[in-house]
Amino acid sequence: MDEEKLLKKARKPGEDALKLHPFYKGKIEIVSKCIIRDFNDFAIWYTPGVAEPCKIIKKDKEKSFELTNRWNTIAIVSDGTRVLGLGDIGPEAALPVMEGKALLFKYLGGVDAFPICLDTKDPEEFIKTVKLLKPSFGGINLEDIEKPKCFYILEKLRKEMDIPVWHDDQQGTATIEVAGAINALKFVGKKLNEASIAMVGAGAANIAIARVLIKAGAEKGNIIMVDSKGILNTQRKDIESQKDFNPYKWDMCINANRGQRIGGIKEALKDVDIVIAASRPGPGVIKKEDVRGMADDAIVFASANPVPEIWPWEAKEAGARIVATGRSDFPNQINNSLGFPGIFRGTLDVRARTITDEMCLAAAYELAKTAEDKGLTEDYIVPTMDEWEVFPREAAAVGTQAVKDGVARVKKSKKELLKSAEEIIKRARDETKFLMKEGFIKHL
């Protein structure tokens, strides 16, 4: 396939989106889940019958997880300040992304997710609003919030709320990137604890990826992180002056990059085994010559959306053995959608109070194992979204880890969690197929 055909293929999803979004006028809607035999049933589901469950919940708020859909409901909350590769586009423009996220939550994880875009850039207002929403939800998914306030918002909400709050651009991205790194390194015969790692981008995603990589066994000193101004090192006075504002980035200056390299992307990639890029959309952010300077059997993760930092075919031409992107139209999609539906499924099924890094790591290991069970290749290092069994497996691993970590309200065995997740996810997928078959969801 020549380059022009590849570029045409890469542009097609955007062209189709412009046709289909106005056709459907949104991607999600509320559908009833209870029986309505006749209008007398409304006396059960609404007044006067509904007063009885209300009285029970008034005595014990935890009963809201049993008598309402709260057990399976999360909020996707964003301020629209860092959307995909589009940047600060505002809450209204962010809504199509949040709707898409809700669609994935339902179809892949059986989770009922509501997009909520807030008209504020003030982190304190954001935090206050999310806390006020707590009684209606079993969990919170923070989405597309600019750094460094995303770190502060997540940290504060996790401390002050007793339902799970997670930031998909941090924990979700870290989960799938680590799963991919584990298998890619295994395929080329290298060990994570010995691998040299370059990271292009020093935002929320890569900071979290570095943290989970280290928990998985990577050496912090072997990580070289680079931002738009160059490699992070102790000479970066601009970062040191902001260390109280963004301590995570300064930590990477002083505790990573053991050799204290200087320079830019080219220098950061020199002789490294794997590069994990989570920066601005390309192409051309990472150049062919940068990849040529990497170690033998180089691994390139170009994760920017909608366009990766380097086109996969360019990285391959430059000598990369394994190339992954965030897109579904290329092999090795390293995308959060492999993580958050299963992780929240397992989290909700044990009513966890939080999502720990250990739960994320359990998900990463299960993702890696699922792909390994089918046989790793250069073009298959993580499962694909159409392998539906990965999501219940991931859910069971996460729920089991939550019980081990002591953050689960409900204790279930791994077998119980797997069976429950399979049933819930299958129901969600079958519903969509039925609605399409019967014409309630129409084709253009």
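Checking the structure you have, find out if any residue of the range 63-74 is in contact with a Phe, Trp or Tyr (Cβ under 7 Å, 6 or more places away or on another chain), in a helix (DSSP H, G or I), touching a residue at least 40 places away in the same chain (Cβ under 8 Å) and small (G, A, S). The answer is no, given that none of the residues of the range 63-74 is in contact with a Phe, Trp or Tyr (Cβ under 7 Å, 6 or more places away or on another chain), in a helix (DSSP H, G or I), touching a residue at least 40 places away in the same chain (Cβ under 8 Å) and small (G, A, S). Residues in the range 75-109 that are part of a strand (DSSP E or B) and farther than 15 Å from E146 by Cα: A75, I76.
Consider the range 241-254 and keep the residues that are farther than 24 Å from D290 by Cα and surrounded by 14 or more Cβ atoms within 10 Å (Cβ to Cβ). The one that is nearest to the chain's Cα centre (by Cα) is Y248. Apart from one condition, V350 fits all of (1) touching a helix residue (DSSP H, G or I) at 6+ places or on another chain (Cβ under 7 Å); (2) closer than 26 Å to I265 by Cα; the exception is (2).
Between D379, D430, D386, the distinction of being loosely packed, with under 14 Cβ neighbours inside 10 Å, within 27 Å of P331 (Cβ to Cβ) and free of Cβ contacts under 8 Å to residues at least 40 places away in the same chain belongs to D386 only. Per the listing V410, V398, V323, the residue uniquely assigned to a helix (DSSP H, G or I) and either of a type in the set (A, V, I, L, M, F, W, C) or at pLDDT below 95 (or both) is V398.
When only residues in the range 241-258 that are in contact (Cβ under 8 Å) with a residue 40 or more places away in the chain and hydrophobic (A, V, I, L, M, F, W, C) count, which is nearest to P148 (Cα to Cα)? Only one residue fits best here, namely F245. Among the candidates V350, V291, V307, the residue that is in the same structural domain as K415 (by TED's automatic domain parsing) and more than 21 Å from A208 (Cα to Cα) is uniquely V350. Note on the range 260-283: among residues that are modelled with pLDDT under 95 and of a type in the set (G, A, S), the one that is nearest to A210 (Cα to Cα) is A278.
Checking the stated criteria, V300 turns out to be surrounded by 22 or more Cβ atoms within 10 Å (Cβ to Cβ) and closer than 28 Å to E15 by Cβ.
The values are calculated or read from the model by the stated rules, or taken from the named source; none is laboratory data. All of these numbers come straight from a predicted model, not from anything done at the bench. Positions of Cβ are generated from backbone atoms using ideal geometry, with glycine treated the same way; all protein chains shown enter the neighbour counts.
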